[in-house]
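Asker: Starting off with a structure, shown below.
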Amino acid sequence: MITADQLKDVMERAEALRRYLDIDRKKIEFEEEDLRTQAPDFWEDPKRAEEQMKKVKGIKRWIDGYNEVRLAADELQLAFDFYKDEMVTEEEVDTDYRRALEAIESLELKNMLRQKEDPMDCVMKINSGAGGTESQDWAQMLMRMYQRWAEANGHKVTISNLQDGDEAGIKSVTMQIEGGEYAYGYLKSENGVHRLVRVSPFNAQGKRMTSFASVFVSPLVDDTIEVYVDPARVSWDLFRSGGAGGQNVNKVETGVRLRYQYVDPDTGEEEEILIENTESRKQLENRNNAMRLLKSQLYDRAMKKRLEAQAKIEAGKKKIEWGSQIRSYVFDDRRVKDHRTNWQTTDVDGVMDGKIDGFIKAYLMEFPVNDED
């Protein structure tokens with residue numbers, strides 16, 4: 001049975017969210033912005049109309065999220081009062097408490113995603129490390145983990161490029177994760193090297209093996225984001241797409257390989273960005289998507305530079321290493337531990353089935369990023 005102090009904490013946090021999110025102002029803003037969508041000529045400019053609809057839905061999500069918190073908190077207060085009159089059981093009060101707490105923590109977490117990139121969809125690339133089949137199998141396991149997470153959170157996953165492993169697993173995969181809420185905001189916590197320790201199914205002696213795979217997450221830009229691509233630095237190769245997809249895919253050069261000669265604006269160093277896309281049977285669609293992925297990478301690089309500069313300015317802030325080893329998955333010991341936050345769990349099977357929200361929350365709590373001024 002919860003205590004009066006626990007009830008008070010829930011009510012205070014719910015009220016604090018109303019103030020932090022400025023719900024009263026958001027309700028007025030929603031009515032004003034929604035009114036614009038009812039204009040007779042609203043859909044004459046589809047692109048502008050879609051942007052407006054996106055804005056309206058964004059405001060409504062905050063209001064709906066707070067309404068859910070308010071309702072859960074009020075029901076908890078009611079249950080607590082009814083318990084005194086023996087009208088509900090301890091178990092019912094505790095159930096209402098857990099429900100209210102989950103709603104509050106969910107909205108508090110979303111409130112921490114304040115960078116303009118956070119609400120965006122994202123591109124995730126997974127590369128197997130050195131170690132052949134063992135690492136390639138690990139890369140495929142990570143791909144499945146993120147697909148499960150995306151599915152559970154209402155996102156659509158599209159594989160734009162996949163390179164199969166030599167015997168099992170994958171060498172690399174590029175996935176677009178779209179359609180849900182805050183895909184980049186949540187999955188940016190997964191940037192880095194993931195380490196697996198297990199008794200290898202590919203080793204005849206049953207030895208304990210260590211494997212590595214790297215994960216890169218970038219915001220997926222849309223038409224509302226302006227990213228300059230120098231056409232003089234772009235070149236294209238065409239190739240026949242392999243793998244599943246039917247005879248047409250193999251006979252026609254529908255796969256595209258985009259090469260971009262990137263120049264670092266600060267150091268002047270040159271680097272070739274290589275993007276392959278085989279998602280569609282139509283070459284033009286693959287070209288368009290490859291260009292979108294390039295813009296996402298360029299945007300991501302500019303964003304990382306901005307964050308690094310911000311981290312240097314803010315004294316005492318912990319440095320976030322984008323490419324460092326971030327998490328260990330030790331199957332024999334039934335333990336998954338994040339080295340940045342020290343958050344860990346023994347539910348290895350759950351994690352591999354996509355239950356990684358605990359890691360995501362711990363990361364966002366440990367490395368909050370302030371609003372841009």
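The values are calculated or read from the model by the stated rules, or taken from the named source; none is laboratory data. Since the structure is predicted, the reported quantities are computational estimates derived from the model, not experimental observations. Note that we place each Cβ from the backbone using ideal geometry, even for glycine, and neighbour counts take in every protein chain shown.
Asker: So which residues in the range 265-285 are under 22 Å from residue 124 (Cα atoms), at pLDDT 85 or above and out of contact with any Leu (no Cβ under 9 Å at 6 or more places or on another chain), if there are any at all?
Answerer: 271, 272, 285
Asker: Additional query: Kindly check whether there is at least one residue in the range 181-191 that is surrounded by 15 or more Cβ atoms within 10 Å (Cβ to Cβ) and in contact with a His (Cβ under 7 Å, 6 or more places away or on another chain).
Answerer: The answer is yes, given that some residue of the range 181-191 is surrounded by 15 or more Cβ atoms within 10 Å (Cβ to Cβ) and in contact with a His (Cβ under 7 Å, 6 or more places away or on another chain).
Asker: Have a look at 154, 131 and point out the one that is in contact with a strand residue (DSSP E or B) (Cβ under 8 Å, 6 or more places away or on another chain) and at positive phi.
Answerer: Of the residues listed, the single one that is in contact with a strand residue (DSSP E or B) (Cβ under 8 Å, 6 or more places away or on another chain) and at positive phi is 131.
Asker: Looking at (1) modelled with pLDDT of 95 or more; (2) in contact with a Lys or Arg (Cβ under 9 Å, 6 or more places away or on another chain); (3) hydrophobic (A, V, I, L, M, F, W, C), can you tell me which one residue 351 breaks?
Answerer: (2)
Asker: Continuing with this model, one more query. Residues of the range 199-229 being part of a strand (DSSP E or B), closer than 29 Å to residue 184 by Cα and more than 21 Å from the chain's Cα centre (by Cα), which ones?
Answerer: Scanning the range 199-229 gives 210, 211.
Asker: Here is a further query. Name every residue in the range 211-224 that is out of contact with any Ser or Thr (no Cβ under 9 Å at 6 or more places or on another chain) and either surrounded by fewer than 17 Cβ atoms within 10 Å (Cβ to Cβ) or over 23 Å from residue 301 (Cβ atoms) (or both), in order of residue number.
Answerer: Within the range 211-224, 222, 223, 224 qualify.
Asker: Next up: Report whether or not residue 59 is at pLDDT 95 or above, closer than 30 Å to residue 13 by Cβ, touching a Phe, Trp or Tyr at 6+ places or on another chain (Cβ under 7 Å) and assigned by TED's automatic domain parsing to the domain that holds residue 10.
Answerer: no
Asker: More than 30 Å from residue 18 (Cα to Cα) and either modelled with pLDDT of 90 or more or among the acidic types (Asp, Glu) (or both): is that true of residue 134 in this structure?
Answerer: Yes, satisfied.
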